[in-house]
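The values are calculated or read from the model by the stated rules, or taken from the named source; none is laboratory data. Small disclaimer: the values here were computed from a predicted structure and weren't measured. Here the Cβ positions follow ideal geometry from the backbone for every residue, glycine too, while neighbour counts run over all protein chains shown. For the accessible areas, the whole protein counts, side chains as well, though only heavy atoms, and no ligand, DNA or RNA atoms are used. Shrake-Rupley method; radii C 1.70, N 1.55, O 1.52, S 1.80 Å.
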Amino acid sequence: GPFVGEPPRLESIGTTDGAVVLDVRDAELFAGGHISGAINVPVSSSAFGTKAGFVLHPDDRVAIHAASPDEAERAAGRLHAVGFLNLAGRLDDPETPAKTDPVELDELERLVSDDAVVLLDVREKDERDDGYIAGSVNVPYRLLRDLGGDLSEGRPVVTICDSGARAGIAASVLAAQGVDARPVLHGGVPDWAESGHDTVQFRR
């Protein structure tokens, strides 16, 4: 392919102008307030570029919301490394009216018992086969940008994974599509099992 040089430094922009907002702050900061429609992939997470590549489309024009200009530059460099070259710039101190209310495991127990939510297991199938919560639906987070809007059945959605990292990304992708989605950020399916709750195992 063509030679791709070092990307220019990000410019501060005042408006998204139709760009997809990628919020690269930590999940807790994102939950406390973010731009409506933003997708959250923390740059501090492992394999940031790969995870962002899973939830962004190749032709997306991306605006970065970070905790600092340095964090935005770090995210831009990693996006550039995986082929995302169309970066609109960074958003400094934007309005962040949208909030997310994470679900704790004790609340999840009640919600599942009352059949009050669609529980979405966003791990890969081989992980799920080792044990999953009965009644949960399995869609890996990397597929939700294209499929998520059809999964809610008109009910709130709770996303869960192994530790909370992918659940946070998944909930932000769904919320950007207008779905009432909340993540389990502090724990996951293994913690559910360790706390004494039953899980279903795929019998090979």
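With the structure loaded, tell me whether residue 89 is open to solvent by less than 60 Å² (accessible area, probe 1.4 Å) and in contact with a Pro (Cβ under 8 Å, 6 or more places away or on another chain) or whether it fails that test.
Details: open to solvent by less than 60 Å² (accessible area, probe 1.4 Å): yes; in contact with a Pro (Cβ under 8 Å, 6 or more places away or on another chain): no.
No; evaluated as a whole, the condition is false for this residue.
Among the residues of the stretch 37-55, the ones that are in contact with a helix residue (DSSP H, G or I) (Cβ under 9 Å, 6 or more places away or on another chain), over 17 Å from residue 183 (Cβ atoms) and not in a helix (DSSP H, G or I) come to 2 in all. Among the residues of the stretch 10-33, those that are at pLDDT 95 or above, more than 13 Å from the chain's Cα centre (by Cα), outside any helix (DSSP H, G or I) and closer than 21 Å to residue 98 by Cα comprise 13, 19, 20, 33. Just to be sure I understand, how many residues within the stretch 26-41 are open to solvent by less than 10 Å² (accessible area, probe 1.4 Å) and among the polar types (S, T, N, Q)? The qualifying residues number 1. Of all the listed residues (61, 90), the sole one being closer than 24 Å to residue 174 by Cβ and either within 20 Å of the chain's Cα centre (by Cα) or not hydrophobic (A, V, I, L, M, F, W, C) (or both) is 61.
Taking the listed residues 44, 68, the one that is closer than 21 Å to residue 142 by Cα, open to solvent by 30 Å² or more (accessible area, probe 1.4 Å) and among the polar types (S, T, N, Q) is 44, with no other qualifying. Between a first residue in the stretch 162-188 that is among the hydroxyl-bearing types (Ser, Thr, Tyr) and a second residue that is outside any helix (DSSP H, G or I), which pairs have beta carbons less than 6 Å apart while being 6 or more apart in sequence or on different chains? From the stretch 162-188, the pairs are 163/188; 172/39; 172/40. Look at the stretch 41-56: where a residue is among the basic types (Lys, Arg) and a partner is in a loop (DSSP other than H, G, I, E, B), sitting 6+ places away or on another chain with Cβ atoms under 6 Å, you get 51/41. Screening residue 129 on (1) of a type in the set (Asp, Glu); (2) surrounded by 15 or more Cβ atoms within 10 Å (Cβ to Cβ); (3) in contact with a helix residue (DSSP H, G or I) (Cβ under 8 Å, 6 or more places away or on another chain) shows it passes everything except condition (3). Taking the stretch 1-25 as the range and being surrounded by fewer than 18 Cβ atoms within 10 Å (Cβ to Cβ) and over 15 Å from residue 73 (Cβ atoms) as the test, the residues that pass are 1, 2, 3, 4, 5, 14, 15, 17, 18. If I filter the stretch 141-152 for residues that are modelled with pLDDT of 95 or more, surrounded by 19 or more Cβ atoms within 10 Å (Cβ to Cβ) and either under 18 Å from the mean Cα position of the chain (by Cα) or not aliphatic (A, V, I, L, M) (or both), do I get at least one hit? Yes, the conditions are met somewhere in the stretch 141-152.
Scanning the stretch 96-122 for residues that are more than 22 Å from residue 141 (Cβ to Cβ) and either open to solvent by less than 20 Å² (accessible area, probe 1.4 Å) or among the basic types (Lys, Arg) (or both) returns a single hit, 110.
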